[in-house]
Structure formats: C-alpha cells, structure tokens
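Where a number appears in this text, it was derived from the coordinates with a stated rule and is not lab data. Small disclaimer: the values here were computed from a predicted structure and weren't measured. Every residue, glycine among them, receives a Cβ derived from its backbone with ideal geometry; neighbour counts consider all protein chains shown.
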Amino acid sequence: MNLTNKVAIITGAASGIGREIATTFAAAGARVVIADLALDAAQVTANAIDPSGERAMAVAMNVTDEAQVDAGTAAVAARWGGVDILVSNAGIQIISAIVDLKYDDWKRLMAIHADGAFLTCRAAMRDMIRHGRGGAILIMGSVHSHEASPLKAPYVTAKHGLIGLAKVIAKEGAAHGIRSNVICPGFVRTPLVERQIPEQAKNFNITEAEVIKNIMLKDTVDGEFTTIADVAQTALFLAAFDTNALTGQSITVSHGWHMQ
Ligand code: NAD
C-alpha cells in the first residue's frame, strides 16, 4: 500500500494512535503533518519521523478553534501544494455517570470530537475540492460508534454521530473524488485508556485488573487489546484505497468485541 508523495494531516498525532498512523503513513511514502494542541509536542513526533523536516511537519492546531484549523490547513497547502488525506483523530475521554456529569464537560468533549471533526473535515474538503485531486478522509470513531458503555455518555454520543458525518461527506464528496470512512477501534493502551483504568476502578469499586479483564476485554474473542499498529494498518489500507467502492463505511478493529 503506497502513499508516495501524498500529503496527510493527522490530528492528535503527538500521542497514541495518531502518532502511529503518522509514522506508518510516512513509511508508506507520505508527507505527514503532525497536528496537535502543543507545537513542541507535535514537533517531537515530527522530528522522530523525519529530523530534516522535509517529510514531516508540526502544526499547532486545536481542532475546536476554527481559525487555527483553517490557518493550519492553509499552511500545509501552501508548503506542500494541497491536502490528500485527513485523519481526524484528536480526542479525549471523560468518565462520569450522566447524573454526575457537568454540562461544561459534556460540551468540552463534544467540541473536540464533533466540532473538531466538522472543522477539520470542512477545511480538508475545501482544499481537496480547490486542488481537484480528490482525497481520503478518515475519522477516528470507536466501538463506541456502535455500542454503548456506562459512564461514557458524551463520548458514545459523539462517536455515534461521527458515522453520520462520514456518510454525508461520502455523499457530498463523491463528485470531487473525496472518500470518507470511519475506523472503530476497541481498547488500545494509549494514554487515553491508561488514564481511565483507575477512574473506572474507582467508579465501579473494582480493581484495575478487573477493569481490564471484565470491562475492557470481556467481549473480545481472545482477551487481547487492539494495538496502535492494528489501527494504523487499517488507516493505511483505507487511505490508500483509491476508488469510491469503499466510502461511507465504518471498519471495526477490536478483536471481535463488536461484530457488524
Ligand atoms: P491519546 O490521548 O494518546 O492522544 C490523543 C491526542 O489528541 C493527544 O496528543 C492530544 O494532545 C490530542 N488532542 C486532544 N485534544 C485536542 C484538541 N482539542 N486539538 C488537537 N489535538 C487534541 O489518545 P488515543 O487513544 O491515541 O486517541 C486517539 C483517538 O482514538 C481519539 O479520537 C479516541 O477517541 C480514539 N479511540 C481511542 C481508543 C483507545 O482505546 N485508545 C479506542 C477507540 C477510539
């Protein structure tokens, strides 16, 4: 699977799944943009991928900030001639029962996952339409795009909604050669998940080992975590797939936790 000279923006790429996708895309020949909240953290990842800066660049982009998203996308287009791939991946998790959830926390999560996906997809679509080469948009969903878990109301709501966004992009983008798909991972041991193991243990009054065995991996076929490499290889497949045969879909990567 080849991404030679494709330009790919990956949001939330200073850590976890996004960083692995950027590394994998670069190894497949892409020029990658590490877009994340803090420029220095993004720069660390960009340097690790290509210290010369010719094939990896860091951009400070809070995905909830319309001006930053548009300016960051424009800077990439100006430097490398247009965006071919967007991975809308930045995200957070908040663990709380609905009755205890602060409205501000609900809005903060929805802003990053839903507004952030809208703003980054809109900027990428505008650029792809302008340069006329089409492109691939990948949105990071989750098994929680299809299933619910207690204590994750805003996350489950946003992740379900992203499937709708990807379907609309697939329909509106088709005439311009823009494809859009959602990746739905099971639990992956990134900082986002490491943080919630003790939080879930406290909320359910169980041990951390029980959170892993009886909540996170309970419904997988083999009791194993999904890996960052599993997700990155799926992203590579979807980014390199170049016909509209595969658009408006969601692909679950979860060791069988969720089966469609
Ligand atoms: P992570 O915490 O390792 O990385 C998330 C990155 O997003 C961080 O670098 C963070 O700085 C960045 N970020 C947060 N808010 C941002 C904002 N407003 N603007 C720009 N960047 C921002 O987490 P991860 O596990 O790699 O998660 C990446 C994506 O994968 C998220 O959308 C998450 O919901 C999704 N996901 C994760 C898992 C999992 O088990 N880890 C499972 C399914 C889906």
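Things worth noting here:
- Angle between the chain longest axis and helix 66-80 axis [Cα atoms, degrees, rounded to 10]: 50 degrees
- Added length on full extension, which subtracts the Cα-Cα distance from 0.36 nm per residue, Arg189 to Ala148: 12.8 nm
- Distance between the C-alpha centres of region 179-227 and region 142-178: 20 Å, rounded to the whole angstrom.
- Placing a pseudo-label 7 Å from each Cα along the Cα-to-Cβ vector at Thr227 and His131 gives an inter-label distance of 3.2 nm.
- For Gly82, distant residues with modelled amide H under 5 Å away: Ala77
- Residues whose placed amide H lies under 5 Å from that of Val59, excluding near-sequence neighbours: Ile34, Ala35, Asp36
- Diffusion constant of region 1-110 at 25 °C, which comes from Stokes-Einstein with the Kirkwood Cα-pair radius and 0.890 mPa s, µm²/s: 170 µm²/s
- Within the chain, DSSP assigns beta bridges of which about 0% are antiparallel (rounded to the nearest 5).
- With only Cα atoms counted, region 48-204 has Rg and Dmax values of 17.0, 52 Å.
- Each of Asp100 and Ser52 was given a label point 7 Å from its Cα along the Cα-to-Cβ line. The distance between the two points is 5.3 nm.
- 5 angstrom amide H check on Gly135, placed H, neighbours 5+ away: Ile178, Arg179
- His176/Val44 FRET efficiency (R0 25 Å; Cβ-Cβ; nearest 0.05): 0.10
- Our coupling estimate for region 46-58, obtained by passing each phi through the Karplus curve with A = 6.51, B = -1.76, C = 1.60 and θ = phi - 60°, is 4, 5, 5, 7, 8, x, 6, x, 6, 10, 9, 10, 9 Hz, Gly and Pro reported as x.
- Relative contact order computed over the chain (Cα-Cα under 8 Å; 6+ residues apart), in percent: 19 percent
- Whole-Hz Karplus values for region 2-7 come out as 10, 10, 3, 6, 6, 9 Hz, taken residue by residue from phi with 6.51 cos²θ - 1.76 cosθ + 1.60 and θ = phi - 60°; glycine and proline positions read x.
- Linear extension gain, Gln260 paired with Glu66, 0.36 nm per residue minus alpha-carbon span: 66.4 nm
- Phi-derived couplings, Karplus 6.51 cos²θ - 1.76 cosθ + 1.60 at θ = phi - 60°, listed residue by residue for region 91-103: x, 9, 9, 10, 9, 6, 5, 4, 5, 9, 6, 6, 4 Hz, with x used for Gly and Pro.
- Two-site label geometry, Glu208 and Met1: point separation in nm, points 7 Å out along Cα→Cβ: 3.3 nm
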